[in-house]
Amino acid sequence: MAKKPALTAEEKVARRRSAKNHFRRYWVLYAMMVVPVIYYIVFKYLPMFGSVLAFRRYRPGMGPFGTEWTLRYWERFLKDPAFWSALRNTVITSVSNLVINFPIPIIFAILLNEVRAKKFKKVVQTISYMPRFISTVVVIAILNELLSPSSGMINQLIVAFGGQPIYFMNQSSWFRPIYILSETWQFTGWTAIIYLAAITSISPDLFEAAEMDGASRLQQIWYVTIPSILPTVMVMLIMNVGHLLSLGFEKILLMYSPANSGVSDIIDTMVYRVGLAQQNYSYATAIGLFSGIIGLILVTTSNAVSKKLTGESIY
Amino acid sequence: MQKRYRTAENIIFDTIVYIVMIFVLIVCLVPFLYMIAVSFSGMKPLVNNEVFLWPKDFTLESYKTIFTYPNFFHAYGNTFIYAFGGTAIALVMTSLFAYPLSKSFLWGNKLITKMVVLTMFFSGGMIPTYLVYSSLGIVGTRAAILMPFAINSFNLIILINFFKGLPVEIEEAALIDGLGYFGILRRIILPLSTAGIATIGLYYAVFFWNDWFNALIYLKGSQYPVMLFLRNIVNGTMAIADGNGSAEKTTMAISLKSAVIITSTVPIITLYPFLQKFFVKGLTIGGVKG
């Protein structure tokens, strides 16, 4: 901000008068904000300040902010192999999830846009949103039934073709594929909304011109659709990279079992385990704060990159 | 035009597109149809693994069982309380905040918006949040679900952007007619914002309806919603079936589970198609920008 020149006495008076007028006119609008602002302070910012607990010793009954300063929790988690394994699991699972589930909604949106029968297109679209509205508990419950080794549909098919039933939900090698594919199932249709909106905003003249020039449908996609939605794709990619550390914690917690803990223990489940189950509050806060800060760095960096490359930013 | 369109390449392409779309339809629907089939099927075909996408030996037994199961009804009632109460509180709070924040001439507007956006990317984390809520004395009360989620920053930004898009002229006319800002919000802005309100209302309702984790850490057993009830069945914390012999027991558990899945999912699944035209718009205008 540029340095402000000092105000003369008259300017000060004028400013005060206009301030008075401003509040007389708009006090109702300010009054509306009071309760929501208090809400934000109490429910969002107090817990944020509560993160100091990562540097403070917690004693039961002595308030949520701890009693004395210490760095022992940081030393402890940096030396904790469980933490490094959780961090590795988080990164591997989310990178593979990104690689697979980032392109799929784009492809789906492009193909859906090519459906000429309007009614059919609408039906497909509506039904593709459905999984987004289903609770993670239900998703896991359905998976448990479909993949059950004794009665599940998938294993019945495997057995019918002469194979051996597989304990999908209990094997660590199946954990990531199941997590990622169920994400595909849940969110493909939903995420495609954004790409579809970008595609529908492409000027039809472009397609007509391409068709005049004899471009086939596939060529139209390649030379018109994809270049036109590229900015949207970039922004989405960068946003996704920014959220790389935030996996579907609730789903993973539901899929977690001692048998697959080697791959399913991510940072959030570790925080939950150490903090709420073992009540090691300060230690869990330190781990949570660490991943929160990394997440914040990722978001701000990717946003800066996006601003530079595409001129688009998310805040 | 038409003639050029029907080349061999395009016909093959169209066929592939339709095959993909039908595959998507099947993948989205089959798990759900399977659950419906299982929940309405009799015990025998279930034990023999004969049920696929259509109920066999049609029966309402599972539904009768879960509806006479006292905890289920209780949990279902709780879910309704959280979904309706939570959404109502959230809509009031979010509109109350979004309206003044949509007026960029207010002092502090930019700063407050920035503080709101920050909460989308950084939060206190699980443990500090839990400890603050618990020192507020809301843990173990229904307020622990109804209050902390009253404003979701993402929804707030969607509504702010929606309000910003409304024409100012109507408001100015109302001001001249002597209507205050509260009156304008209630009688003019909100009625004009059905699409925006419906969008975020749906998001809130889905959140409250589907939540189980916050219920798990903040609530007591008698306050559990149906999703937590289901989760406890799924991970074996709670057994709901008693039959003769273990095979029948597991089978019965499966059909009961399916019935719980269907009854707890149907309300939200029947709701969203009606709001589709709103949320598609809401999601695209929302595009997180302050």
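Summary of computed values
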item	result
Net charge dipole size for region B:63-286 [Lys, Arg +1 and Asp, Glu -1 on Cβ; Debye, nearest 20]	180
Added length on full extension, which subtracts the Cα-Cα distance from 0.36 nm per residue, A:Glu208 to A:Ile107	34.2 nm
Principal axis box of the protein assembly as shown, alpha-carbon based, largest edge first, Å	92, 77, 51
Rg ratio (alpha-carbon, reference 2.2 N^0.38 Å) - region A:31-155	1.74
Low-density loop positions, trypsin sites (Lys or Arg not before Pro), region B:76-182 - DSSP coil, at most 16 other Cβ in 10 Å	B:Lys103
Selected from B:Leu29, B:Thr7, B:Val17, residue furthest toward positive end of dipole (region B:1-59; charges at beta carbon)	B:Thr7
Cα-projected label distance for A:Trp222 with B:Phe154, points at 7 Å along beta-carbon direction, nm	3.6
Using θ = phi - 60° and Karplus 6.51 cos²θ - 1.76 cosθ + 1.60, couplings along region A:140-147 (whole Hz; Gly, Pro as x)	5, 4, 5, 4, 4, 6, 5, 9
Residue-averaged [θ]222 nm for the protein assembly as shown, counting only DSSP H segments that reach four residues, each worth -39500 (n - 2.57)	-22000 deg cm²/dmol
In region B:184-232, the trypsin sites (Lys or Arg not before Pro) that fall in loop regions by DSSP, at most 16 other Cβ within 10 Å	B:Lys220
Cβ-based net charge around A:Ile178, under 14 Å, with every Lys or Arg adding one and every Asp or Glu removing one	0
Long-range HN-HN contacts of A:Arg56 with modeled amide H, under 5 Å	A:Thr70
Volume per residue that the Cα convex hull of chain A spans, once the total is divided by residue count, Å³	266
For B:Gly221, net neighbour charge (Lys/Arg +1, Asp/Glu -1) across residues whose Cβ lies under 14 Å away	+3
GNM result for chain A, Cα springs below 10 Å: residue of A:Gly262, A:Gly61, A:Gly152 fluctuating most strongly	A:Gly61
Other protein chain Cβ atoms within 10 Å, averaged over every residue that makes up A:118-130	4
Gaussian network model of chain A, Cα within-10 Å springs - most flexible of A:Ile158, A:Ile229, A:Ile193	A:Ile158
Proximal lysine pairs, region B:63-286, alpha carbons under 18 Å, eight or more residues apart or interchain	8
Counted charge near B:Ile112, where neighbours are those whose Cβ lies closer than 14 Å (Asp, Glu -1; Lys, Arg +1)	+4
Exposed-site-free run, longest, chain A (rule: trypsin sites (Lys or Arg not before Pro); DSSP loop; at most 16 other C-beta within 10 Å)	A:117-315
Computed P(r) (all Cα pairs; region A:108-234; 5 Å bins; percent)	2, 9, 14, 15, 13, 12, 10, 9, 8, 5, 2, 0
Assigned charges on the beta-carbon of Lys, Arg, Asp, Glu; the protein assembly as shown dipole about Cα centre (debye)	1760
Virtual paramagnetic centre 7 Å along Cα→Cβ of B:Ala88, amide N under 15 Å, in region B:202-226	B:205
Dipole in debye (nearest 20) - region A:72-310, about Cα centre, beta carbon charges: Lys, Arg +1; Asp, Glu -1	240
Shape of chain B, Cα gyration tensor, a/c cut at 1.5	oblate
Dipole of chain A, positive end: most advanced residue of A:Ala19, A:Val241, A:Leu253 [Cβ charges, Cα centre]	A:Ala19
Extended-chain gain in nm, criterion 0.36 nm per residue less alpha-carbon gap, B:Ile188 and B:Asn49	44.2 nm
At R0 = 41 Å, FRET efficiency that the Cβ-Cβ distance of A:Ala31 and A:Ile294 yields, to 0.05	0.55
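Coordinate-derived values only; no laboratory data. Owing to the predicted nature of the structure, the values given are computational and were not obtained by experimental measurement. We place every Cβ from the backbone using ideal geometry, glycine too, and count neighbours over all the protein chains shown.
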